[in-house]
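The values are calculated or read from the model by the stated rules, or taken from the named source; none is laboratory data. If you're wondering where the values come from, they're calculated on a predicted model, not measured in any experiment. Please note: Cβ atoms are built from the backbone with ideal geometry, for glycine as well, and neighbour counts cover all protein chains shown. These area figures cover heavy atoms from the full protein model, side chains too; ligands, DNA and RNA do not enter into them. Shrake-Rupley method; radii C 1.70, N 1.55, O 1.52, S 1.80 Å.
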Amino acid sequence: MLRRLLTLLAVAFLGLAAAQSQIEIFSWWAGDEGPALEALIERYEEMYPGVEVINATVTGGSGVNARAVLKTRMLGGDPPDAFQVHAGQELIGTWVVADRMEDLTFLYEEMGWFEKYPQGLIEAMSTEDGIWSVPVNIHRSNVLWYVPANLEGWGITAPDSWAEFLTICPAIQAEGVTPLAVGENWTQQHLWESVALGVLGADDYDKLWTAELPFTDPKAMEVWDVFGEVLACTNDDAAGLSWQQATDMVVGGSAAFNIMGDWAAGYMSTTLGLEPGVGYGWAASPGTDGVFMWLSDAFGLPQGIQNRENTLNWLRLVGSAEGQDIFNPLKGSIAPHLESDLSLYNAYLQSTAADWQSNRVVGSLVHGAAAKEAFMSDFATVLEIYLATGSAMNAANAAQAIATQVGLGQ
Ligand code: GAL
């Protein structure tokens, strides 16, 4: 009897120990977007065989659904151990100001990371009170994608400016081809930020986020006018398409161009098996050559999690050159870690790594680098207002009202 009781106790204890040795990693890298994260998790499992990894994904490009689930969990006192978040304002403006994250200064010191990442990135992830995330990658938002052989067949080249794009748009339409493929709401916002950068230039684009250039300024209103003309060169079924489906239109030849972050390169190389430079080509989005609109996926350390030690080990891997060189070649992004081995990366990624070094750098609105999450998420409504009314004035007024309400730039 006693032996039975002891056995039961031992089993219960082991069960408890097993339950303790878990880590839940929460992200929107589901399905097609999964391979890079899965490879990194595989490495983690090799390093920490006793830890059970729960790969919790919520489908939906750019985190449109995942962020809502995360909010419910954070506010309900049930934070995932580790969650994907954009480095910079998205995390700081929401979860750092709400005092839900741990300062990671101790980890940066332990790992020597203050010397291993670009200074500008360290600053973007920090406040006066600490540093709040560990970046796994650098993605570029302002990229124009196409299939070189198709452009040749239609007798066109990648446009250098929006004016040039608008000039070739009718000729492409005459071929029965959509000039520019777009998808659901957030992908149109993604197009908007590239149009804004192309129309305003880097200095004025930056001033939108510091509130030095009001959205109602004539220069900022012009962005909506150009955006409207560009939208007239896009597919009618946009609202129902994911970003992958918009990319598929280009790959399949029913569209000439698409503007998307370079996770599209990851999709085309890793999932579709296309060779960069042959199966797909790229250029800076029109009018933005020499400017790199960045964003970074990162993980932080939420306060009050169940598995803090396992999560710290996850962060150590995420932030290492080794971990980043497993993740990024599959993801279509480059490593922020300065000791990354570029020979492991394909031709697209090598060219974007060179641009990251030499270009002027500005932050992405839609992917959390430029503005507080409160502004970023309400920008979807601004776009809806524009789509419903076609009025630059209405969109500008709405954007300005939100900017004032959330204290953009403060
Ligand atoms: C971005 C994210 C990328 C990619 C993309 C599409 O916000 O930073 O890593 O996942 O969304 O879902």
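Looking only at the range 149-194, residues that are more than 15 Å from D289 (Cβ to Cβ) and part of a helix (DSSP H, G or I) come to 24 in all.
In the list A370, A398, which residue meets the criterion of being open to solvent by 10 Å² or more (accessible area, probe 1.4 Å), within 16 Å of the ligand (Cβ to nearest atom) and either at negative phi or touching a residue at least 12 places away in the same chain (Cβ under 8 Å) (or both)?
A370
Pairs linking a residue in the range 45-61 that is within 16 Å of the ligand (Cβ to nearest atom) to a residue that is assigned to a loop (DSSP other than H, G, I, E, B) and of a type in the set (S, T, Y), with Cβ atoms under 7 Å and 6 or more positions apart or on different chains, are G61/S242.
Of all residues in the range 116-164, exactly one satisfies the criterion of being farther than 29 Å from V199 by Cβ, touching a residue at least 24 places away in the same chain (Cβ under 8 Å) and of a type in the set (D, E), namely D129. A residue that is more than 15 Å from the ligand (Cβ to nearest atom) and in contact with a Gly (Cβ under 7 Å, 6 or more places away or on another chain) can be found somewhere in the range 78-86. Here A353 passes the criteria (1) open to solvent by 20 Å² or more (accessible area, probe 1.4 Å); (2) free of Cβ contacts under 8 Å to residues at least 24 places away in the same chain except the one numbered (1). Taken over the range 63-105, the residue count meeting the criterion of being out of contact with any strand residue (DSSP E or B) (no Cβ under 9 Å at 6 or more places or on another chain) and either modelled with pLDDT of 95 or more or farther than 23 Å from V362 by Cα (or both) is 10.
Taking the condition β-branched (V, I, T), modelled with pLDDT of 95 or more and within 19 Å of D325 (Cα to Cα), does T270 pass? Yes, satisfied.
Only helices (runs of 4 or more DSSP H) whose full extent lies in the range 214-295 are considered here, and the ones with at least 3 residues that are within 16 Å of the ligand (Cβ to nearest atom) are 243-252, 263-266. Of all residues in the range 312-337, those satisfying the criterion of being assigned to a helix (DSSP H, G or I) and under 17 Å from the mean Cα position of the chain (by Cα) are V318, Q324, F327, N328, P329, L330, K331.
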